[in-house]
Amino acid sequence: MKHRRGIEIGRPRRDAITYIGPVADPISTAIDDVQTYMALGGMCPSCEREAWIDRNELRRKWGNAMLNSLQPRLRCLGCGNRQGNKWITGQLPR
């Protein structure tokens, strides 16, 4: 519910992904190694933008690839950066 002045009141939204942190070891972590209740995403170090990636689409396109091998393919949609982007995890809402 929104207040007439645009202030959010009421319960917090439950449909947002909660950021947890970077993937601990992307070298030995495959797509299927991440639990189903976790979301995968990418973070750009230059503009600090975060975006969440559809795991099913990633699995369909690349199979059960290691996250380290897919890290050079991460591209920021905000600034276009391809260097130094990192994998991040988040918890899906219940």
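Can you pull out the residues in the stretch 35-46 that are out of contact with any Leu (no Cβ under 6 Å at 6 or more places or on another chain) and either touching a residue at least 60 places away in the same chain (Cβ under 8 Å) or surrounded by 13 or more Cβ atoms within 10 Å (Cβ to Cβ) (or both)?
Met38, Leu40, Gly41, Met43, Cys44, Ser46
Which of the numbered conditions does Lys61 fail, given that it passes all the others? Conditions: (1) open to solvent by 90 Å² or more (accessible area, probe 1.4 Å); (2) basic (Lys, Arg); (3) in contact (Cβ under 8 Å) with a residue 24 or more places away in the chain.
It is condition (3) that Lys61 fails.
Report, by residue number, each residue of the stretch 41-60 that is farther than 12 Å from Gln71 by Cα and aliphatic (A, V, I, L, M).
Of everything in the stretch 41-60, those that are farther than 12 Å from Gln71 by Cα and aliphatic (A, V, I, L, M) turn out to be Ala51, Ile53, Leu58.
Residue check: is Trp87 open to solvent by 80 Å² or more (accessible area, probe 1.4 Å) and either touching a residue at least 40 places away in the same chain (Cβ under 8 Å) or out of contact with any Asp or Glu (no Cβ under 6 Å at 6 or more places or on another chain) (or both)?
For Trp87, the condition - open to solvent by 80 Å² or more (accessible area, probe 1.4 Å) and either touching a residue at least 40 places away in the same chain (Cβ under 8 Å) or out of contact with any Asp or Glu (no Cβ under 6 Å at 6 or more places or on another chain) (or both) - is not met.
The values are calculated or read from the model by the stated rules, or taken from the named source; none is laboratory data. Because the structure is a prediction, the values reported are computed rather than measured. All Cβ positions, glycine included, derive from the backbone under ideal geometry; neighbour counts span all protein chains shown. Ligands, DNA and RNA are excluded from the accessible area calculation, which covers all protein heavy atoms including side chains. Shrake-Rupley method; radii C 1.70, N 1.55, O 1.52, S 1.80 Å.
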